[in-house]
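**Q** What follows is a structure written as structure tokens; I'll ask about it next.
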């Protein structure tokens, strides 16, 4: 399996090279030369545990890893750091399946991939005989940052730098990051939003003089964002796992289509579902759920992507994004893999802040349904789901559920639906309290965590146990123009 750039000018590389590089030299994203197909029956896949299935799927994409190397990466990733032994359990409520992806250490779906990426990356670096120290450079809207810090903490030969919007994450998300231990970790709050952090990171990756300086000093950059194929491929696993287990649980018949509903910001999680569909999972519609930063909803409905709009800080902060990086990979596929088309669109986005795809590509967007929920609707949905099912969901999952109910009203599609539950309600207790009124409104987030656990008889996850008592290790802040200087300071160059 070889990988090429969505923009066509980068070299064709092996899986190991794509994982280490993170982003192609022309600024494009790595995509597989062709998609592998699932060869086993879903009945057989349903007999596998999560680790076995993860190996089966990843081996198709990372075929330059030996069996022993890849199995070691998988076994180290999906161990008892996940509080539910099923890793990604399915929870059936009122005829809807919730895919719970938040049982890892950081209480968010990012753990599913960022538990294995550090092992893939360090193994790939050894295979390529790389002697330089790798610097992981990541922007986060709240969840990727902590999951990456947790995964790369104290990994030999790797340092990690995380930029997050200083005023655009929840208090628990912020504390999860700034209390991170490990001498190889560095966390910086950006004076701006996630798009500022993400675009700053992309500019650093493409800055030839800065990269030359790093090379001279014995460093090289890589990424833990879902722009890295080593992070995206592990996300495919849980969609295949879901279908196999729906079949095993007799919720569907063999070959029956399911719909996948994903709360979406950077488009990586829903793209992984598209990749699973391309591999042969019977998926009907991909339902893309946004919050008030609904650039994706408008794009799906019009074919026009326009980031020149007001940016909202919402109660689903991990989706507060206007530049959805992974959309580039979908565009590559629906364009017929025409790299010159993608290169042109991405230049338009950078220079003009918008682009419009051609009519043929618009026709292929029909596999997606786009909708969004505002903050009030999100809170109302948390309340309604609890009243109907006694099941507590977080705000991001609520956005997905609200858009799903709108989809049913608009289409009357009765296919089995999977709501991707991307975060634990414990990450956003203030918003959950607004919906469910389980504590005083002026209570601190950590008092709310305790009350949430007590009121609904849900165990407090280990990842945030006494988080408010942990020592703060990272106080750095900067604006977008100083991100490079912050990295130089950390690396002492």
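The values are calculated or read from the model by the stated rules, or taken from the named source; none is laboratory data. Everything numeric here is computed off the predicted structure, so don't read it as measured data. Glycine gets a Cβ as well: all are built from the backbone with ideal geometry, and neighbour counts include every protein chain shown.
**Q** Which one is modelled with the highest pLDDT among residues in region 5-15 that are surrounded by fewer than 22 Cβ atoms within 10 Å (Cβ to Cβ) and either over 12 Å from residue 62 (Cα atoms) or out of contact with any strand residue (DSSP E or B) (no Cβ under 8 Å at 6 or more places or on another chain) (or both)?
**A** 12
**Q** Oh, and also: Output the residues belonging to region 98-111 that are at negative phi and either surrounded by fewer than 24 Cβ atoms within 10 Å (Cβ to Cβ) or touching a helix residue (DSSP H, G or I) at 6+ places or on another chain (Cβ under 6 Å) (or both).
**A** 98, 99, 100, 101, 103, 104, 105, 106, 110, 111
**Q** Which of the residues that make up region 367-394 are within 22 Å of residue 283 (Cβ to Cβ) and in a helix (DSSP H, G or I)?
**A** 367
**Q** Among the residues that make up region 341-348, is at least one of them closer than 22 Å to residue 102 by Cβ and assigned to a helix (DSSP H, G or I)?
**A** No, there is no match, as no residue in region 341-348 is closer than 22 Å to residue 102 by Cβ and assigned to a helix (DSSP H, G or I).
**Q** Just to confirm my filter: which strands (runs of 3 or more DSSP E) fall fully inside region 178-281 and include at least 1 residues that are on the phi > 0 side of the Ramachandran plot and either without any contact (Cβ under 8 Å) to a residue 60 or more places away in the chain or buried (at least 24 other Cβ atoms within 10 Å of the Cβ) (or both)?
**A** Working: elements: 185-190, 219-222, 258-263.
It comes to none.
**Q** Are any residues in region 395-429 touching a helix residue (DSSP H, G or I) at 6+ places or on another chain (Cβ under 6 Å) and either surrounded by fewer than 18 Cβ atoms within 10 Å (Cβ to Cβ) or part of a loop (DSSP other than H, G, I, E, B) (or both), and if so, which ones?
**A** Hits for region 395-429 are 422, 428.
**Q** Has region 355-366 got any residue that is crowded, with 23+ Cβ neighbours inside 10 Å, outside any loop (DSSP other than H, G, I, E, B) and in contact with a helix residue (DSSP H, G or I) (Cβ under 8 Å, 6 or more places away or on another chain)?
**A** No; the residues of region 355-366 include none that is crowded, with 23+ Cβ neighbours inside 10 Å, outside any loop (DSSP other than H, G, I, E, B) and in contact with a helix residue (DSSP H, G or I) (Cβ under 8 Å, 6 or more places away or on another chain).
**Q** Still on this structure, please answer the following. Those residues that are surrounded by fewer than 20 Cβ atoms within 10 Å (Cβ to Cβ) and in contact with a strand residue (DSSP E or B) (Cβ under 9 Å, 6 or more places away or on another chain), I need them from region 332-342; list them, please.
**A** 333, 337, 339
**Q** Here is a follow-up. When you look at residue 151, is it in a loop (DSSP other than H, G, I, E, B), within 17 Å of the chain's Cα centre (by Cα) and closer than 30 Å to residue 75 by Cβ, yes or no?
**A** No: the conditions fail for residue 151.
**Q** Quick check on region 313-327. Is at least one of its residues in a helix (DSSP H, G or I), touching a residue at least 40 places away in the same chain (Cβ under 8 Å) and under 18 Å from residue 277 (Cβ atoms)?
**A** Yes, the conditions are met somewhere in region 313-327.
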